[in-house]
Amino acid sequence: MAKSATQQARGEISFGRLMGTSIAARLLVDTHSQIFNPFLSLFAAGLGTDVVTMGQLVSLRNLMGLCAPFLGVLADRQGYRRVLRLSLLLGAAGSFLIAGSYHLSMAVVGMVLSGLGIAGFIPTLQAYLSARLPYARRARGMGMLEYSWALTGIVSLSLIGWLIQEWGWRAPFWLLGVGMLAMWTVFTTLPETTGSHGHGGGRGAAVPARVGIGQRIRAFFDLGGNARSAYAAILATALTYYGALQVMITHGTWLNLEYGLGPAQLGTVALLLGFFDLTASVSVSLFTDAIGKRRSVILGTSGTLLGYLALPWLNVGLVPAILGIAVARGAFEFALVSSFPLLSEQAPDRRARVMTLNTAISLVGATLASASGPWIYTAHGVAGLAAVSALAACGALVLHLTLVRETSP
């Protein structure tokens, strides 16, 4: 006990406790993020509305991600743990409002609060871990953190289906809210970290109170001497995300229309894709530190490019089509998770700002993909979808090869 108290006083924490707490909290947030994907129609019926309106509510929640950079500035200046706890509190409040909604307006407020919580929590947790973990094994920790995304698809959504069947559509939101409140309490026991390696470097971009709005905007987007590489890495991640999301949002329609898969079969496909996600995240935690972060991102992006190019040729039967989607998805996950530790050291004194800007700009890519993917598939089929996603992957690859630099402490 004396040793534990000494570690707490020094701001130390064991790797196992750090990762266990982070993964548990992230699993709750990721579950909230993905909960509407398979059960949209059930929640729409519960709220007395249609799936189109419910989809618009989900879009509203996602748009709150544009607030992420402002929360990132707050985290760099006031401390990561403070913003993490605020985000969990917002997520819990949003969950409780949705669970208790008897009118659509309550659900709207709940979705806004939930969106703010998700937008603040995920990139700030990435920044927090980056500050606590040495760069030489940062990819191991970041890769392990992303296990939660795959486990959500493999485990959490199945449990939520059972909860809805036994207790109704409100039950998962009550449970998620209670879980987030519990993690809000747990995070008080974690050591604080601010700025670069806990030394308060996040104030480096602060500006005097009486400067003009133009200077404030420039200061807000100032990422220091490595800004060109940092913004290139952020843009490359957004392009990678855009290409992948086009396929993700369209593959269910594709497999339903061309191969007759129903909801149960599509659920099995989702389970399979979850295992590919998990394999990619485990691979990052095992190999990316040794291979190199930038090299791993280039390797994964090249894999997604080859996967997209192969999709039209593999669309000759159900099994090869699913295999093509899964391979492209696994390569994307490997590239995406490898990009997090790479981004984390682009501007260490503005780490939370970099991670939240990455979240916001990737959200723009995801929003565009949600609109373009179904339209491209309807107009041009799998070949058109694959071509546009391949072009996005090419753009990301060029940026990583020419402008992105890997920096280390």
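Odds and ends about this structure:
- Test result for Arg210, outside the structural domain of Phe332 (by TED's automatic domain parsing) and at pLDDT 70 or above: no
- Residues of the range 139-169 classified as buried (at least 17 other Cβ atoms within 10 Å of the Cβ) and not hydrophobic (A, V, I, L, M, F, W, C), total: 9
- Top-ranked residue of the range 221-254 - restricted to ones that are surrounded by fewer than 19 Cβ atoms within 10 Å (Cβ to Cβ) and among the aliphatic types (A, V, I, L, M), ranked as farthest from Pro312 (Cα to Cα): Ala227
- Taking the numbered list (1) at pLDDT below 95; (2) in contact with a Phe, Trp or Tyr (Cβ under 7 Å, 6 or more places away or on another chain) in turn, Ala379 passes all entries but (2).
- Residue match in the range 110-126 (condition: over 19 Å from the mean Cα position of the chain (by Cα) and aromatic (Phe, Trp, Tyr)): no
- Tallying residues that are more than 16 Å from Ala328 (Cβ to Cβ) and at pLDDT below 85 within the range 269-284 yields 1.
- Leading residue by the ranking (surrounded by the most Cβ atoms within 10 Å (Cβ to Cβ)) among those in the range 49-107 that are aromatic (Phe, Trp, Tyr) and closer than 18 Å to Met183 by Cα: Tyr80
- Residues (free of Cβ contacts under 8 Å to residues at least 40 places away in the same chain, in contact with a Leu (Cβ under 7 Å, 6 or more places away or on another chain) and either of a type in the set (Lys, Arg) or more than 13 Å from Gly120 (Cα to Cα) (or both)) located in the range 55-93: Gly55
- Failed item, numbered, when Leu391 is tested on (1) farther than 30 Å from Ala227 by Cβ; (2) part of a helix (DSSP H, G or I); (3) among the aliphatic types (A, V, I, L, M): (1)
- Wholly within the range 222-316, helices (runs of 4 or more DSSP H) carrying at least 1 residues that are assigned by TED's automatic domain parsing to the domain that holds Thr378, among the basic types (Lys, Arg) and out of contact with any strand residue (DSSP E or B) (no Cβ under 7 Å at 6 or more places or on another chain): 227-259, 293-314
- For the condition within 19 Å of Leu239 (Cβ to Cβ), among the small types (Gly, Ala, Ser) and either touching a Phe, Trp or Tyr at 6+ places or on another chain (Cβ under 8 Å) or not assigned by TED's automatic domain parsing to the domain that holds Thr288 (or both), Ala390 qualifies.
- Taken as a whole, the structure leaves Ser130 outside the set of residues that are among the hydroxyl-bearing types (Ser, Thr, Tyr), assigned by TED's automatic domain parsing to the domain that holds Met54, at pLDDT below 90 and surrounded by fewer than 22 Cβ atoms within 10 Å (Cβ to Cβ).
- Only listed residue being of a type in the set (Val, Ile, Thr), in the same structural domain as Arg295 (by TED's automatic domain parsing), within 23 Å of the chain's Cα centre (by Cα) and surrounded by fewer than 18 Cβ atoms within 10 Å (Cβ to Cβ), chosen from Thr367, Thr359, Thr378: Thr367
The values are calculated or read from the model by the stated rules, or taken from the named source; none is laboratory data. Keep in mind it's a predicted model, so treat the numbers as computed, not measured. All Cβ positions, even for glycine, are placed from backbone atoms using ideal geometry, and neighbour counts span all protein chains on display.
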